[in-house]
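Bear in mind that the values in this text are calculations on the coordinates, not laboratory data. This is a predicted model, so every value here is computed, not measured. All Cβ positions, glycine included, derive from the backbone under ideal geometry; neighbour counts span all protein chains shown.
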Amino acid sequence: MRYGPLVGVVGSTLIFALAHGVNGVFPAALVVGLIAGEVFRRSGLVWLGVVIHAVVNLPTVFVLVLIRAS
């Protein structure tokens, strides 16, 4: 946040999205990153971002388990 909230949230969002790779997940990672970044900025609690990330990933885990089971 040294350079202000806009640069802080958008910068961390880009790092988050790029860490997931430039692929089909990238747009969703941008949205989740923006939401998690803004939640962190407002609350100061990094764990809320972790929970958001886990909730978004949860359906993917179920789909992967179903695919593997069939």
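Arg42 to Leu6: FRET efficiency via 1/(1 + (r/R0)^6), r the Cβ-Cβ distance, R0 22 Å, to the nearest 0.05?
0.95
For His20, enumerate residues with amide H under 5 Å from its amide H, sequence gap 5+ or separate chain, H modeled in the peptide plane.
Excluding prolines and chain starts, which carry no amide H, there are no hits.
Which whole-number percentage describes the relative contact order of the chain, with Cα contacts under 8 Å and a sequence gap of 6 or more?
23 percent
For Thr60 and Val22, compute 0.36 nm times the residue count separating them, minus their Cα-Cα distance, and round to one decimal in nm.
Roughly 11.9 nm would be gained on extension.
What value, in deg cm²/dmol to 500, does the helix sum -39500 (n - 2.57) over DSSP H runs of n ≥ 4 give at 222 nm once divided by the residues of the chain?
The per-residue figure over the chain is -28000 deg cm²/dmol.
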